[in-house]
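One structure is given here, and the rest of the page talks about it.
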Amino acid sequence: MRKPFIPLSVPSLQGNELKYVTEAIETEWVSTAGPYIQQFEEKVSGYVKAKGAVAVQNGTAGLHTALQLLGVSSADEVIVPTLTFIAAVNPIKYCGADPIFMDCDDSLGLDPHKLQAYFEKECVFQDGVLRNKSTDKTIKAIVVVHVFGNLADMEGIMKIAERYQLPVIEDATEALGSYYTSGRYAQQYAGTIGTLGVYSFNGNKIITTGGGGMIVSNNIKLIDRARYLTTQAKRDSLYYIHDDIGFNYRMTNIQAALGIAQLEQLETFIETKKQNYFQYKKELAEVNGLNLLSFRKDTRPNYWFYAIEVDKSFGHSRHKLIELLGNHHIQARPIWDLIHQQIPYKKNCAYTIETAPKYLESVINLPCSSNLAKNDVSFIVATLKRLSAGIEEDKS
């Protein structure tokens, strides 16, 4: 009997989504003005305990705005991990700057040890400015990505950033709801530790507005300027006077209405994802050659994406496994190809990239939707067991 298709990650819309969106339509507040936008900003900033938030069109717009707020320009370079989605890097080029690619550690986040080594060996720090010896460009900022909802080593990274007086942008687009439980940043959420944080509400994220994103910060001046820049840098609400080059990056009221309904269910989504993660962990322990990647022990992650390492002992390559799972109507995906190897970035500096290629060759993501049922998890693992045993056909 053929099983129905199990997608990788789809939204769960079982709350007040229709009610709030209908109200937005009925009141005719459907564009980039309307009460839901401010409410959503306040609810997100309240949830993550940030002093302010600005709703934008998507996570990429949020990252671009964050770089603009820090004054990144063509005279600058920005540190960024190579193991990430390309949207974390492209906004650097939008600003005319160049990325410098760093390796990951076993959290899949930026490796602070290699970051420190790069600054010590390849840069000079003088009068509060860090410069690249080979290009004489200023290192302007660090972009940290919290991969799959797993927090990067923020304690290590922030110590280095503070030492060299560098602002940090947290790409927390995958990590809404993740926070530290111990250490220097205990009870602080992903996105609120650095200078600026950015979330995404794309359709596959833990909560969705269809598209959409959010900038958060504890620096109200930066938040006010973010709101100004994302509304075409309009000086006032009546006259068309513009003092800067701005952007049409604001979220719509319909999106915000959807987001509020989703945010109301976030902790429920996280609990479901947590239960499914530990079910995977328990059942996958019986499958030779597969290892479910763990989350940091000093955190409460949001369990957004589940990643498994495929060892040679499994009997199939990562690529072949994705194909075979597809034949069984189970969607899986590889981790992103490394950005420093992509055509637009091959000429940019990539510093001792050693760990990321290992994960590139071995990691795939398994279905992790917020409404994934327990029997679906069991079916996926049973399929993996059969594939491990060399049984590629489902006779049931």
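Just so you know, all these numbers are worked out from the coordinates, no wet-lab data involved. Bear in mind the structure is a predicted one, so any value in this text is a computation, not a measurement. A quick note on method: Cβ atoms are made from the backbone with ideal geometry, for glycine too, and the neighbour counts reach across all protein chains shown.
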Item to complete: Would you mind ranking Tyr164, Tyr345 so that the residue whose beta carbon has the fewest other beta carbons within 10 Å leads the list?
Response: Tyr164, Tyr345
Fill in: In region 280-365, the trypsin sites (Lys or Arg not before Pro) that fall in loop regions by DSSP, at most 14 other Cβ within 10 Å
Lys297, Lys346, Lys347
Worksheet item: Between Ala186 and Glu286, what is the label-to-label distance in nm when each label sits 7 Å out along the Cα-to-Cβ direction?
Response: 3.9
Worksheet item: Once all Cα-Cα distances of region 266-388 are split into 10 Å bins that start at 0, what whole-number percent is in each one?
Response: 12, 40, 31, 14, 2
Worksheet item: Around Val21, with a cut-off of 14 angstrom between Cβ atoms, what is the net charge of the other residues, counting Lys and Arg +1 and Asp and Glu -1?
Response: -4
Worksheet entry | Residue order, fewest to most beta carbons within 10 Å, for Asp103, Asp171, Asp111 | Asp103, Asp111, Asp171
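Starting from the Cα-Cα distance between His242 and Lys137, subtract it from 0.36 nm times their residue separation and give me the gain in nm to one decimal.
34.7 nm is the gain from fully extending His242 to Lys137.
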Worksheet item: In what sequence, highest mean first, do 235-243, 287-295 appear when ranked by Cβ atoms within 10 angstrom?
Response: 287-295, 235-243
Response to the item:
Between Lys137 and residues 5 or more places away or on another chain, the pairs with built amide H atoms under 5 Å apart involve Asn132
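Would you calculate, for the chain, the mean residue ellipticity at 222 nm contributed by helices, counting each DSSP H stretch of 4 or more residues as -39,500 (n - 2.57) and dividing by all residues, to the nearest 500?
Calculated from helices alone, the mean residue ellipticity at 222 nm is -10000 deg cm²/dmol.
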Worksheet item: Can you list the trypsin sites (Lys or Arg not before Pro) in region 153-189 that are in a DSSP coil and have 14 or fewer other beta carbons within 10 angstrom?
Response: Arg184
Worksheet item: Using the Cβ atoms and a cut-off under 13 Å, what net charge is assigned to the surroundings of Phe278, where Lys and Arg are +1 and Asp and Glu are -1?
Response: +3
Worksheet item: Semi-axes, largest first, in whole Å: what does sqrt of 5 times each Cα gyration tensor eigenvalue give for region 96-222?
Response: 26, 16, 14
Discussion item. How much of the pair distance distribution for region 17-263 lies past 32 Å, counting alpha-carbon pairs only, in percent?
Written reply: 20
Fill in: Packing-based exposure ordering (other Cβ within 10 Å, fewest first) of Asp127, Asp105
Asp127, Asp105
